[in-house]
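Before any comments, here is the structure.
The values are calculated or read from the model by the stated rules, or taken from the named source; none is laboratory data. Predicted model only: the values in this text are computed from it and were never measured. Every residue, glycine as well, gets a Cβ built from its backbone with ideal geometry; the counts of neighbours run over all protein chains shown.
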């Protein structure tokens with residue numbers, strides 16, 4: 001669950017002396033607790049890994065536009081979705097011995113879940129609905145290097161900017177009156193602007209088996225994400241994230257007399273894995289994806305768009321499940 005790292009800060013409430021009745025906290029006492037909350041959040045490794053994971057889940061195009069249900073051990077699940085608009089272009093007419101490419105992805109992430117926790121010393125029940133939203137713009141440039149017999153390598157560099165927003169609604173009187181004055185702008189309801197820089201190395205195979213186009217690619221992505229503007233200094237962070245993605249694709253086309261354009265089809269099997277010490281940054285460490293799409297090859301129509309496809313995929317993995325609607329296009 002995305003909030004899991006921030007729940008560390010709930011322990012601040014249990015650290016209140018029993019003699020201090022939170023029902024009658026003075027402004028000075030509230031400010032002391034806010035200062036302590038900011039101090040404990042600053043430099044939290046798990047918190048930084050979570051934010052780095054959120055940033056990369058929305059940036060990298062290998063993680064599909066999809067709807068996810070993330071299971072939490074505490075019984076409170078998180079619903080999340082990612083939406084991405086990618087565009088890539090290959091410069092095939094060159095004398096470099098490889099094919100340069102340039103692409104970009106606009107991304108949006110949304111997640112929502114609930115927090116319910118009894119705070120023993122304060123003898124109060126925290127009830128809160130939380131929502132994450134993130135917006136990103138990413139650029140990737142690199143080159144596809146042919147090897148032999150259809151095999152290739154494709155190194156690339158990645159740059160991106162991300163805005164991450166956390167919003168909280170306090171659901172009971174205790175949360176609104178006691179917790180909110182301490183959490184606001186530090187643990188809840190804040191904004192972070194960050195940048196990401198990194199690199200990727202992909203390798204794979206493209207060829208034909210009969211009339212079926214076959215492709216297999218494995219891509220390793222390493223990125224460094226750091227904040228440059230935050231609501232409070234407590235949210236400043238930096239983190240490294242590593243992702244491995246693999247995909248097997250089978251595709252082809254058929255001609256039918258009843259259709260003026262060739263019908264193109266595609267099926268694929270994919271795997272995405274967050275690796276390294278922070279392999280559960282977004283509440284899960286990996287998922288598998290199985291999907292298919294069908295579309296039309298309209299290159300002969302003489303417009304900018306060469307083909308488009310519609311399809312769907314199913315996702316299942318470590319504490320996560322979901323589905324994706326596929327909209328594919330080629331220029």
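Observations on the model:
- Residue 217 over 24 Å from residue 35 (Cβ atoms), at pLDDT 90 or above and crowded, with 21+ Cβ neighbours inside 10 Å: no
- Count - residues of the range 256-292 that are more than 23 Å from the chain's Cα centre (by Cα), outside any strand (DSSP E or B) and either modelled with pLDDT of 80 or more or surrounded by 17 or more Cβ atoms within 10 Å (Cβ to Cβ) (or both): 1
- Once the range 19-39 is narrowed to residues that are over 15 Å from residue 185 (Cβ atoms) and touching a helix residue (DSSP H, G or I) at 6+ places or on another chain (Cβ under 8 Å), the residue that is modelled with the lowest pLDDT is 20.
- Only residues that are in a strand (DSSP E or B) and touching a residue at least 24 places away in the same chain (Cβ under 8 Å) were counted across the range 169-184, and they come to 2.
- Pair list, Cβ < 7 Å and 6+ apart or interchain, from the range 18-34 residues that are surrounded by 13 or more Cβ atoms within 10 Å (Cβ to Cβ) to residues that are at pLDDT below 70 and in a helix (DSSP H, G or I): 33/12
- All conditions but one from (1) in a strand (DSSP E or B); (2) more than 21 Å from the chain's Cα centre (by Cα) apply to residue 166; the one that does not is (2).
- Residue match in the range 135-148 (condition: touching a residue at least 12 places away in the same chain (Cβ under 8 Å), closer than 21 Å to residue 47 by Cα, under 26 Å from the mean Cα position of the chain (by Cα) and in a strand (DSSP E or B)): yes
- Scan of the range 92-114 for residues that are part of a loop (DSSP other than H, G, I, E, B) and touching a residue at least 24 places away in the same chain (Cβ under 8 Å), ordered by number: 96, 97, 98
- Any chance residue 207 is assigned to a strand (DSSP E or B) and within 30 Å of residue 254 (Cα to Cα): yes
- Close pairs (6 angstrom Cβ cut-off, 6 or more residues apart or separate chains): within 17 Å of residue 273 (Cα to Cα) in the range 46-74, assigned to a helix (DSSP H, G or I) anywhere: 63/57
- Apart from one condition, residue 72 fits all of (1) surrounded by 14 or more Cβ atoms within 10 Å (Cβ to Cβ); (2) assigned to a strand (DSSP E or B); the exception is (2).
- Identity of the residue in the range 40-56, out of contact with any helix residue (DSSP H, G or I) (no Cβ under 8 Å at 6 or more places or on another chain) and at pLDDT below 75, that ends up farthest from residue 186 (Cα to Cα): 45
- All conditions in (1) modelled with pLDDT under 95; (2) in contact with a helix residue (DSSP H, G or I) (Cβ under 6 Å, 6 or more places away or on another chain) hold for residue 123, with the sole exception of (2).
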